[in-house]
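Take a look at the structure set out below.
What follows draws every value from the coordinates through simple rules; no lab data is involved. Just so you know, these numbers come straight off a predicted model, no measurement behind them. We place every Cβ from the backbone using ideal geometry, glycine too, and count neighbours over all the protein chains shown.
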Amino acid sequence: MPRDTIDESISEKRPLLAVGYGPRCVPVMQLIEAAADVCELLWMIDGSIPEMHQMTELLHRFGPVVDIAGLSLGQILRELSPPYHPDGIATYLDANMSTFAQVAEELNLPFHSVATATALTDKAEQRRVLQEAGLPTPTCVVIASHQSPEELFAAGSTVGWPAVLKPRSAQGSRYTFFVQDLDRLVELLLSLGEERPDMVLEGYLGDDSSREGGPYADYVSVESVVARGEISHLAITGRFPLADNFRETGFFIPAALNESDQVAVLDLATSAVRALGVITGCLHTEIKFTQEGPRIIEVNGRMGGGVPDMLNRAAGVALVEMTLRVALGELVRVDGPVSTERIGFRFFLQPPSLSATVASINGVDALSDHPGVESITVHQGPGAVLDWKDGSRNHIMAVVGTANDYDELQNVSEVLHREVTVTYADVSHAR
């Protein structure tokens, strides 16, 4: 694992790390492999989530499981000690991050502070903190459930049009929409139903006209670890253009940026990390290039999806192991962005913006034989029912591999969209 220095102590007893775990998290076996030479694992889960029912048995094979669903802070602490005395806490998802921060505070373990965890998982609070630190951010207004037409009109007037509507706390672009005007805002809110979560409406970050027409999206993400307050930026992840409703179509490490853009992006990420008060943890900071310069889209207090695999393919960096060591309080420093020997990528084939049933998928064999493609995973096969509001996680398939240069990278993207065809049944178009 490339790093300049790492402060680790040798003891007879392996440390115990409590891991907040849930659906769409780092794969279990990836965590087990990363922990092999580092620590034992204890799993903290929300057993009320249906997807966790079949995962819990697997987790029990690799460490004790504590179900925190419906428990107060005091009850969680009693579940942990005794019989367990964790030496650190880590999480790889947004859910319950504030709860884990409270647990860490009570047990004096390295983790985000409660205020930091709140800002990392509450988009409205994050905007407020960044603005107070002097970082330029779009105006953001909370849209609670059952707001009156007058209140929605006032929110739109405050933010301005166009705008972005998104959940106050969520990930994966689920329920995230580009909103042209008040009528569209009302239409979208009605489509989400009365049980919709609290949302935020925020000003749309305008595009940088100098980047139009290029093969890549005009935003990137910075992948960082913070150990004892020391910030290490490991990589900058590039993107391919988004599908409708801000759905991801492809990531790659390293991003195709010139030196001045890299410096600007890393400086902004550093300012955001410091503004949010991050002392320990792993971060995924999304930044967009605009006419006025780079701007923060959002800062996530966890690894980005697919980042560990891409970083390992590109540079041989074992990011998951690194995050475990950071969570245990070790001092990890990396002189980054790390050098890369190739490009690690992950493409998503997104369906059109519709609700439908997948009828058939053709052309996968042609893609699997393409140089550089190392794995193809079908997420929504024939018979799968798609909801147009579900964001990036509704993708048909994921394609993972490596490329020697950016021409090869673009070629894989072209082959994916040329050779693979998907047909749909029971189609109803997005409203």
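Here region 385-418 is scanned for amide nitrogen atoms under 12 Å from the site 7 Å beyond the Cα of GLU212 along Cα-to-Cβ, giving none.
The relative contact order of the chain comes to 16 percent, based on Cα pairs under 8 Å that sit 6 or more residues apart.
Within the straight-line cut-off of under 29 Å between alpha carbons, the lysines reachable from LYS123 are LYS166, LYS288, LYS389, sequence neighbours fewer than 8 places apart in one chain being disregarded. Whole angstrom only: what separates the Cα centroid of region 179-199 from the Cα centroid of region 51-124? Between the Cα centres of region 179-199 and region 51-124 lies a distance of 32 Å.
Relative contact order of region 342-431: 49 percent, from C-alpha pairs under 8 Å at least 6 residues apart in sequence. Backbone amide hydrogens, once placed in the peptide plane, bring GLY401 within less than 5 Å of PHE345, GLU374, excluding anything fewer than 5 places away on its chain.
Between LEU190 and LYS13, the C-beta separation translates, for a Förster distance of 56 Å, into a calculated FRET efficiency of about 0.50. Given ILE231, ALA115, PRO352, which one lies farthest toward the positive end of the charge dipole of the chain, if we put +1 on the Cβ of every Lys and Arg and -1 on the Cβ of every Asp and Glu? Farthest towards the positive pole: ALA115.
The Cα center of region 216-248 and the Cα center of region 385-431 differ in position by 20 Å. Under the convention that each Lys and Arg Cβ holds +1 and each Asp and Glu Cβ holds -1, the size of the dipole of region 235-327 around its Cα centre is about 200 debye. A Förster radius of 25 Å, combined with the Cβ-Cβ distance separating SER145 from ASP183, puts the computed FRET efficiency at roughly 0.80. Within region 283-431, the proportion of C-alpha pairs whose separation exceeds 19 Å stands at 64%. Shown here is the pair-distance distribution of region 139-203: with all Cα-Cα distances grouped in 10 Å bins from zero up to the longest one, the shares run 23, 65, 12, 0 percent.
A convex hull fitted to the Cα coordinates of the chain yields 150 cubic angstrom per residue. Remark on region 281-362: Rg and Dmax equal 17.3, 51 Å (Cα only). Model label sites at THR158 and GLU259, defined 7 Å from Cα along the beta-carbon direction, differ in position by 4.5 nm. The local environment of ALA115, defined by Cβ-Cβ distances under 11 Å, has a net charge of -3 under the rule Lys, Arg +1 and Asp, Glu -1.
For region 355-371, the Karplus equation 6.51 cos²θ - 1.76 cosθ + 1.60, evaluated at θ = phi - 60°, returns couplings of 9, 6, 10, 5, 8, 7, 10, 10, x, 5, 4, 5, 6, 5, 8, 6, x Hz by residue, with Gly and Pro reported as x. Taking a Cβ cut-off of under 12 Å around THR99, the surrounding Lys, Arg, Asp and Glu residues balance to a net charge of -4, with basic ones at +1 and acidic ones at -1.
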